[in-house]
């Protein structure tokens, strides 16, 4: 199978998926009910009207939590494929993962030094 045929299959699958999703969306719009209630557009918290504005700014300290979550999330996203190819690649894969984990450990130390793990 040539590369052009592979791309044609990929394009056909993509267009088929997009067409399927759009047809399901159109079917749901055609069959489903549209209820407009005045209470749906009101921002509420636990059944009560919110006294704060809807678009509030978050405190800057939450940025450290987000960065730490992102770092460890990316670690898992990188470790699964690494575990699959480890036997084939050998020492090179082990060194790559060591460098990657060392960089993440430096990020962890930085977060710790900035007090990201202290309870507030």
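The values are calculated or read from the model by the stated rules, or taken from the named source; none is laboratory data. Being a predicted model, the structure only gives us computed values, none of them experimental. Quick reminder, even Gly has a Cβ in these numbers, built from the backbone with ideal geometry, and neighbours come from all protein chains shown.
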Among the residues listed as 109, 94, the single one being exposed (fewer than 14 other Cβ atoms within 10 Å of the Cβ), part of a helix (DSSP H, G or I) and in contact with a helix residue (DSSP H, G or I) (Cβ under 8 Å, 6 or more places away or on another chain): 94
Could you please find all residues in region 76-110 being under 26 Å from residue 59 (Cα atoms) and under 21 Å from the mean Cα position of the chain (by Cα)? 104, 107, 108
What residue, among those in region 1-60 that are within 24 Å of the chain's Cα centre (by Cα) and loosely packed, with under 10 Cβ neighbours inside 10 Å, is modelled with the lowest pLDDT? 54
